[in-house]
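Participant: Okay, handing you the structure first.
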Amino acid sequence: MTERQRDAAEQAAMDAANRIFSDALAEFFPMPPDRGHTVQTPSGSRLRLKPGQREYRYYRSFDEWMFCYTPWKDENGDYWTWTYKPVGKGSQSGKARKWVAINPARARKRKTASKRAYQRYTTRMKKYKEK
């Protein structure tokens, strides 16, 4: 196998993984159109985004758990933190294809939401390292 073929195979694998990941997340947050869009938060309130703004940021652990928070206020002036837990086939081996959102929490400050997501991430990583 030549280097070019190996690079093409790696790119194809990355593209497939990105498609699977984005499909899994699309259940909770839809993909944005080019003009601004509205996303529904776990409480049911709406988060209005401008073009180019990401819906959320996240920390990802080695065992596929994702700890997310919104960097923008929703219509009530709140920020959100939640966790994506891998479920179904591949969730134990680190090759998950589906995630479920759990533990939504509201915060009045973005810094608090970010800290909460990071604390959940570090707690999970400590448990993971202890095993």
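Participant: Pairs 98/129; 89/115; 73/115; 98/126; 95/127; 85/126: which exceed 21 Å Cα-Cα?
Facilitator: 98/129; 89/115; 98/126
Participant: Give the calculated FRET efficiency between residue 5 and residue 93 to the nearest 0.05, with a Förster radius of 41 Å applied to their Cβ-Cβ distance.
Facilitator: 0.90
Participant: Further, regarding this structure: Please compute the Kirkwood hydrodynamic radius of the stretch 55-130 from all pairs of different C-alpha atoms, in Å with one decimal.
Facilitator: The answer is 12.8 Å.
Participant: If you don't mind, there's one more thing I want to ask. Can you put 62, 67 in order, fewest other beta carbons within 10 Å first?
Facilitator: 62, 67
Participant: Can you sort 15, 63 by how many other beta carbons sit within 10 Å, fewest first?
Facilitator: 15, 63
Participant: If you stretched the chain out fully between residue 118 and residue 13, how much longer would it get, using 0.36 nm times the residue separation minus the C-alpha to C-alpha distance?
Facilitator: Contour length minus Cα-Cα distance gives 34.9 nm.
Participant: Along the Cα→Cβ direction, 7 angstrom out, place labels at residue 62 and residue 111. What is the inter-label distance in nm?
Facilitator: Taking the simple label geometry, residue 62 and residue 111 are separated by 3.2 nm.
Participant: Could you put 130, 10 in order, starting from the residue whose Cβ has the fewest other Cβ atoms within 10 Å?
Facilitator: Lowest to highest Cβ neighbour count: 130, 10.
Values in this text are rule-based calculations from the coordinates and carry no lab data. These figures come from a predicted structure and were not determined experimentally. All Cβ positions, even for glycine, are placed from backbone atoms using ideal geometry, and neighbour counts span all protein chains on display.
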